[in-house]
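Trainee: Quick one: this structure, given as structure tokens, is what I'll be asking you about.
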Amino acid sequence: MTCPTPTNAADDADPERAAPNILDTTPENQAPTFRNQDQVWPVRVIRRGDAVRPLPPHARSLADLTFEVGGVRLGLSDYMARRRTAGLLILKRGEIALERYGMGNGPESRWTSCSTAKSITATLVGAALHDGAIGSLDDRCEQYLPRLRGSAYEGVTIRNLLRMCSGVAWREENDADGRSEVFRLSKAMVSRRPGSVLDLLCKLPRAQPQGVVFNYSTGESCLIGALVAATTGRPLADYCAETIWGPAGMEADGYWQLESEGGLELGGLGVSARLRDLGRFGLLVLEDREAFSGRRVLPPSWRDLAGQPDSAPTAFGRLTPGSPKGYGYHWWAVPHGPTGIHAGAFSAIGAFGQYIYVHPTARVVVVIQSAWRQHDDNDTAVETFALLRATLLALRPDPTSQVFGPGI
């Protein structure tokens, strides 16, 4: 869930001016920084289509939703203020049960994604597979990106890239001595040199055989983005516009951060979009059928393949010590919980509190845009999943039922 960034000092002289470093903001300029990443990075526009998917109101408003954490009952205003929430959208069967904004945002604000972009990138793999641009997920990545020949990625399948089980060495956490790979990725981005990200990835050593160990890697997502661009013959933002943004009926253009002026999109981060449009992306994945545009853009059953673990290293409870989560194809599989309320659910998660939660059985999509002061915050994550649980309970067809199965 890391969001690598440049290393310049923040400039908060103008509170609506984006700081050059998303990891080095003040409380005053953090929200403007998340709103205005296009001020400090080269971007490519993700063009919206001609038709906008309507999101009508749901019959059940969740404006009065409350939930309990640690014996304390919280309302939505409490949660949003405590957790610096910039946008909260809850959709049930494509209808708005709740839409709220904070941190100076409104319906027209774009907000940077951090690692929720990884799930968009993986969805573009599904689109390329459906189009025939990718023959099989078990194809070797160098078949589509010859630049990888002779590197540790040679022979790694697209499927193992999606699982983050390539076996190539990567340390995701920034370190003080600047040796971690994610720090080196940040330096490559700062250089604004075309090809710098792929150059870094091609120099990485092998640590394990592929398919044996899960290792979260923003670099791996950037590699997948480069692979999709190579196999489709067009920039990632343009292919995203063709297969996601237009077909899903987005209301506004998005932005995708580039490694350099006119260069590759960073597949691991950097999509800026409106709250409702991220909700429409969640619906595109959730519905697993023809898109709003009337054409199918993903392979049948892609949702269930991408959203759940399909290997031992990515199974629930196997990712890292103490974590009950699982991993699909660049989506975090949500543990079912003691009552099974989250069964089948999965989520895109980005640094500083970005979420796209998809629950296929409940037909619920929740999007949260935040400005947490910490990169990760376990207490806030606990509150967020308490909010999600309360949402599912409130939107059941029979609110008195304690059964969390079909028809929830």
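The values are calculated or read from the model by the stated rules, or taken from the named source; none is laboratory data. Values in this document were obtained by computation on a predicted structure and should not be read as measured data. With ideal geometry, Cβ positions are generated from the backbone for all residues, glycine too; neighbour counts draw on all protein chains shown. These area figures cover heavy atoms from the full protein model, side chains too; ligands, DNA and RNA do not enter into them. Shrake-Rupley method; radii C 1.70, N 1.55, O 1.52, S 1.80 Å.
Trainee: Determine which residues of region 76-94 fall in the zone a paramagnetic label at T66 would reach in this model, i.e. backbone nitrogen under 15 Å from the point 7 Å along Cα→Cβ.
Mentor: Under 15 Å, as judged by backbone N against the label point of T66, lie 76-79 of region 76-94.
Trainee: Mind checking the per residue accessible area of region 270-312 for me, 1.4 Å probe, whole number of Å²? Don't jump to the answer; show the numbers that get you there.
Mentor: On the way: 1450 Å² over 43 residues.
The answer is 34 Å² per residue.
Trainee: Region 115-169 to region 196-223: how many Å between their Cα centroids?
Mentor: So the separation of the two Cα centres works out to 11 Å.
Trainee: Continuing with this model, one more query. Any lysines with Cα under 30 Å of the K92 Cα? List them, leaving off those in the same chain fewer than 8 positions away.
Mentor: K92 reaches K118, K325.
Trainee: Please compute the length gained on full extension between A312 and R73, using 0.36 nm multiplied by the number of residues separating them and subtracting their Cα-Cα distance. Write down the numbers at each step before the final one.
Mentor: Values: separation 239, 0.36 × 239 = 86.04 nm, distance 3.83 nm.
Using 0.36 nm per residue and subtracting the Cα-Cα distance, I get 82.2 nm.
Trainee: Okay, next question. Tell me, what is the 1.4 Å probe accessible area of K203, in Å² to the nearest 10?
Mentor: 150 Å²
Trainee: With Cα extents along the principal axes in Å defined as stated, name the option among (i) 60, 51, 47; (ii) 54, 43, 39; (iii) 61, 40, 36 computed from the structure displayed.
Mentor: So the structure-derived entry is (i).
Trainee: By how many nm would the segment from V190 to R82 lengthen if fully extended, with 0.36 nm per residue of separation less the alpha-carbon distance? Show your work: numbers first, answer last.
Mentor: On the way: separation 108, 0.36 × 108 = 38.88 nm, distance 3.29 nm.
Stretched fully, the V190-R82 segment lengthens by 35.6 nm.
Trainee: Then there is this: Could you tell me the relative contact order of region 140-205? Use alpha-carbon pairs under 8 Å, at least six residues apart, and round to a whole percent. Kindly include the intermediate steps, with their values, before the conclusion.
Mentor: Working: 65 pairs, mean separation 19.8, N = 66.
Relative contact order, region 140-205: 30 percent.
Trainee: Over region 147-222, give the accessible area per residue in Å² for a 1.4 Å probe, as an integer. Can you show the working numbers first?
Mentor: Details: 3140 Å² over 76 residues.
So region 147-222 comes to 41 Å² accessible per residue, rounded to a whole number.
Trainee: Each label point is 7 Å from the Cα along the Cα-to-Cβ direction; what then is the distance between the points at D50 and A381, in nm?
Mentor: Those two pseudo-labels are separated by 4.5 nm.
Trainee: Per residue of region 161-167, in order, report the coupling 6.51 cos²θ - 1.76 cosθ + 1.60 (Karplus, θ = phi - 60°) as ³J(HN,Hα) in whole Hz, putting x for Gly and Pro.
Mentor: So the Karplus estimates, Gly and Pro as x, are 5, 5, 6, 6, 10, 6, x Hz.
Trainee: Keeping the other protein chains in place, figure out the carbon and sulfur percent of the accessible area of the chain, with a 1.4 Å probe. Before the final figure, lay out each step's value.
Mentor: Values: 7460 of 14960 Å².
Reported share for carbon and sulfur atoms: 50 percent.
Trainee: Moving on. FRET efficiency for R149 and E261, Cβ-Cβ distance as r, R0 = 41 Å, nearest 0.05?
Mentor: Working: r = 27 Å, r/R0 = 0.67.
With a Förster radius of 41 Å, E is 0.90.
Trainee: If you don't mind, another one. Sorting check: for 374-382, 206-214, which peptide has the highest mean count of neighbouring beta carbons within 10 Å, and how do the rest follow? Walk me through the numbers on the way to the answer.
Mentor: Numbers: 374-382: 13.9, 206-214: 15.8.
Going from most to least packed, we get 206-214, 374-382.
Trainee: Evaluate the relative contact order of the chain (contact order divided by residue number), counting alpha-carbon pairs under 8 angstrom at least 6 apart; express in whole percent.
Mentor: Values: 912 pairs, mean separation 87.1, N = 408.
Answer for the chain is 21 percent.
Trainee: Additional query: Given a 1.4 angstrom probe, what's the average accessible area per residue across region 52-120, in square angstrom?
Mentor: Working: 2840 Å² over 69 residues.
Accessible area per residue: 41 Å².
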